[in-house]
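S.K.: Input: one structure, supplied below.
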Amino acid sequence: MIAALLPAASGFAPADVTALGAPVTRATTLGSVIGRVDSDGIERYFGIPTSPDMGGPRRWTRPTAMPAWDPPIETVYSKPCAQFRNTTYMDGSEDCVSVDVMTYTSASNRPVLMWTHGGGFTREDLPIEHMTNAYYQKAVTGATHLTDSGRIVTVLNHYRLDTLGWFAHRGLEDNAEGASGNFGMMDSVHNLQWIAANIAGFGGDPSRVTIMGESAGGAHTSALLSSPVAQPFFTNAIIESPFISFMPAVYSRAARYQINTILVYGAGCGPIGTGATGQAAIDEIACMRTANFLDFNNHIPPNSSQAYDGVFGQTASMVFTYAQVQCWPVIDGYMLTTDPIASFVSGVGADKHVIIGSNADEYSSFYGLGTQGFDFTGIPFNLLDQAFNPAISTLSNTAAAADVVNAVFAGFAYTTPTGIYEWPDTSPSTWNTVIQKTTDAWFAVGVHQVITALDNQAARTPGTVYRFLFAQEPAPSVAAQLPYTGACHGCELDYVLGLYEEGTQYFMVDYGPGFVPYDAAHIQMGQTMKNYWVNMITYGHPNRGTGLPRWHPTTAASMFSDFDQVMYFKASIPMGAAINPCATPIACVGETIGGTGGFRERQTAFYLADANYMSQPDGSCSRPIGGPTMANGPTCPTPPPAVCLSWCNVHTCSDASCSECDICVAHSTGQTCESWCNVHTCDMAHCVGCPQTTCPHVGEHCESWCNVHTCGDDMCAGCTACARRRN
């Protein structure tokens, strides 16, 4: 029956780890799984099912536990979820709610990472989707990268995509939760519950789970952070470049009912309008559950768009479908009881420690990566990319679809029937201006909104939110071919996922994976970023270990007025990272609102002028966020003196040679939680109230305590620092 509902899968093959070592078996609560273990002791279990097939009558239902199995099952192939490819075929299947687990043979009670991929909520993103198996296995799932030689257990989260994962309809709300629209989020929470019940059997600690994602994966992670249902199952969140609007109106259930009638119409199951109710809604869902996925996915056919526009106004369908808004999370009364920002303001997620940030030139990835050289006249720039968020900023989370459409139409000079504006000149400065503004409109705004809401939570422990800005253009050999790429959307994954160690680059996979040499500075930046991320996953903050620049936590009040609260990543900076580096950006972009200063410093609404505003530079901006020509100034930070690593601590800070070391600066300003409090001192008065992460688990004191002064302590026996001293 299910085969009749879905066309045959085609395109990319699931990840295959069959050849990556010998068979190895682990037990789960439902039955044993057989994966592969390589010569380094890395174990991989791909495609562990966590829920039965969600096709046919289970389509748009809550995931449930798998029936128990015996004998053990082979888990060597990933199980990607159904995703549209073209009008004749799709990839993946509806039998897909699953996890891929990477651990190592000697793992015991190690912190856990659940990685949620991006792809606009409609497909698996580039590294997972397009890479050849060799690159995929090494770079993305190699376990040695994010695990830092086996320090964490990694879980890849597979959740329902496109309209199969995010379809809101009144006919689906006859369940116990009375909810529809967030089936993909339900899958993710279901997989988190699987982790809680099973990860100890893979060497993981279920009490230390970090959720992490990039792009739609970052948006998905932020939604989980705001969901009351997800709270018991994770401790930290890492949110990279969340590609979603945080304006309340896009989460409106009333608007989503109306938007989704375009899908019902496309499947031949009902009319365009406000959405069916009662028996008509039940009948529509019965029809939709037997419909072909190719008839109701994010790729809206022209006849459906025309029908929708006939009801809601010319090009109304484009307002919702150009960024897959119809496939975003929605307020369903269960997974999301309100929009994410309002949820944060109410206190949800206040006990979670968070890293969040974006890249300096995100939108170059959406505008061709500068592939046209110096001639940008052929590249269309969608005005909605800049107008959508400010236009709807005053609407509530109960807005109707017509409210959103009318606000967008009124919010900017609607110059063409399609909303597309092609630039009239060939200047690279035009390209840079557009990229900065669209990056601001979708990424800087969202990061600002989330940090502001988190920082204002009454129950949040101060100093538990960290912001980054990734400002590194691609490796030199790639930048030479695409000189205006800048720090593109996804470019930080080259370093976070360890792609630099395998000589490949995130966005280049669409052009065919090929070797990309990285120089020593890029490799150093990659090591620095990876160490921060692993620290966050392991300890709940990034500042552990030696040699790393101290990452100051971010506050809403200082976010745009004091860049000492933002960690910049760029290879030309010593160690590849610095707080408030001496950076010279490209021309500042004038985005002044009501005399309050440049948008890149502070913003609440913007871009309500005509098309020409997008190419007007302003040299008065003094503290911009960055850009593709970001470079060192004459007084940039230098690496810490060697004495900081080998000698300086709270006992020796009186020594003049230690005065500039981070640990002594922190200690002198009363920031003793990280500079002093550890397994031996957590019961002292000045450590009362410090986050639990400063009192590490047994066995992790080598980094937090053991040094040349304490090697005589029995608990330091075997630590690397002490072994070197004895030698």
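Computed from the coordinates by the stated procedures, all read-outs in this text should not be read as laboratory data. Only a predicted model underlies this, so the values are computations on that prediction, with no experimental measurement involved. Cβ placement follows ideal geometry from the backbone for every residue including glycine, while neighbour counts extend to all protein chains displayed.
S.K.: Please give the contour-minus-distance gain from residue 458 to residue 18: 0.36 nm per residue of separation, less the Cα-Cα distance, rounded to one decimal in nm.
M.R.: Roughly 153.4 nm would be gained on extension.
S.K.: Using Cβ counts within 10 Å as a stand-in for footprinting exposure, how do 173, 214 rank, fewest first? Walk me through the numbers on the way to the answer.
M.R.: Values: 173 18, 214 30.
Taking fewest neighbouring Cβ atoms as first place, the list is 173, 214.
S.K.: Based on the alpha-carbon gyration tensor of the stretch 249-370 and its eigenvalue square roots a ≥ b ≥ c, which shape applies: rounded if a/c is under 1.5, prolate if not and a/b is larger than b/c, or oblate? Mind dumping the intermediate values first?
M.R.: Numbers: a/c = 2.30, a/b = 1.36, b/c = 1.70.
Here the stretch 249-370 falls in the oblate category.
S.K.: Note the full-extension length gain between residue 73 and residue 350 as 0.36 nm times their separation in residues minus their Cα-Cα distance, in nm to one decimal.
M.R.: Contour length minus Cα-Cα distance gives 95.7 nm.
S.K.: Using a Förster distance of 30 Å, how high is the FRET efficiency between residue 290 and residue 65, based on the Cβ-Cβ distance and rounded to 0.05?
M.R.: According to the calculation, E is roughly 0.70.
S.K.: For 501, 240, what's the fewest-to-most ordering of other Cβ within 10 Å of each Cβ?
M.R.: With the fewest neighbours first, 501, 240 line up as 501, 240.
S.K.: With 10 angstrom as the radius, rank 367, 159, 518 by how many other C-beta atoms surround their C-beta, starting from the fewest.
M.R.: Listing 367, 159, 518 from fewest to most nearby Cβ atoms yields 367, 518, 159.
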